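What follows is a single structure, written as structure tokens, with notes after it.
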Amino acid sequence: GVIINHEKRLARLSGKVAVVKVGANSEVELKEKRDRVEDAICATKAAIKEGIVPGGGIALLNAAQNVLVTSEGEQVLLDAIKAPFKTILANAGIENYKIPTVEGEGLNVVTGDMVNMIKSGIIDPLLVTKSALRNAASVATTILSTDCVINNIRN
């Protein structure tokens, strides 16, 4: 009864419990919204755990500027590291763009302005960025050690 309610209130006040209510007009819309909220919660937890980096592929793009290319394999790696930035711009319909040269700056695809990504709230959890890079390297290693790969070419 009363003690449990006080414990629940105390937990809410201490920041350990939150209730997120999601409403929708259909089951499909509700599932989509619920998935987005769950993704946001997981991203927030990851950001709290390991910190944040500039979003929009800028952290990897900045890292790519420090890669000295001395072989074809390193060039492939460099191109792969730049891919998230280029893909985000392509998905936003932006074709002509200048690659940002100032560390932490990038293109806000909504406004079209060059901004400091962190100050503008365009961020990625470091844990997510590191995991994506590790997973990509793992997949690449698997493909390189495979005799045959079947590719489903998209138009």
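The numbers here are math on the coordinates, done by the rules we state, and not lab data. Since this is a predicted model, take the numbers as computed values, not measurements. Because the Cβ atoms are built from the backbone with ideal geometry, glycine has one as well, and the counts that use them run over all protein chains shown.
Numbers at a glance
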read-out: Cα→Cβ-extended label distance, 7 Å offset, between Leu126 and Arg34, nm; value: 3.4
read-out: Charge dipole of the chain about the Cα centre (unit charges at C-beta), most positive-ward option of Ile52, Leu68, Leu144; value: Ile52
read-out: For the chain, fraction of C-alpha pairs farther apart than 18 Å, in %; value: 72
read-out: Cα long-axis angle, helix 72-91 against the chain (0 to 90 degrees, to the nearest 10); value: 50
read-out: Test item: Cα-centred dipole of the chain, Lys/Arg +1 and Asp/Glu -1 on Cβ, debye; value: 820
read-out: Flagged links, alpha-carbon separation over 29 Å, of Lys86/Lys119; Lys31/Lys98; Lys31/Lys119; Lys21/Lys86; value: Lys31/Lys98; Lys31/Lys119; Lys21/Lys86
read-out: Neighbour-count order for Glu95, Glu32, fewest beta carbons within 10 angstrom listed first; value: Glu95, Glu32
read-out: Pairs of Cα atoms farther than 19 Å apart, segment 53-144, %; value: 42
read-out: Thr142/Ala43 FRET efficiency (R0 25 Å; Cβ-Cβ; nearest 0.05); value: 0.40
read-out: Within the chain, helix-based [θ] at 222 nm, where runs of 4 or more DSSP H residues each add -39,500 (n - 2.57), nearest 500; value: -17500 deg cm²/dmol
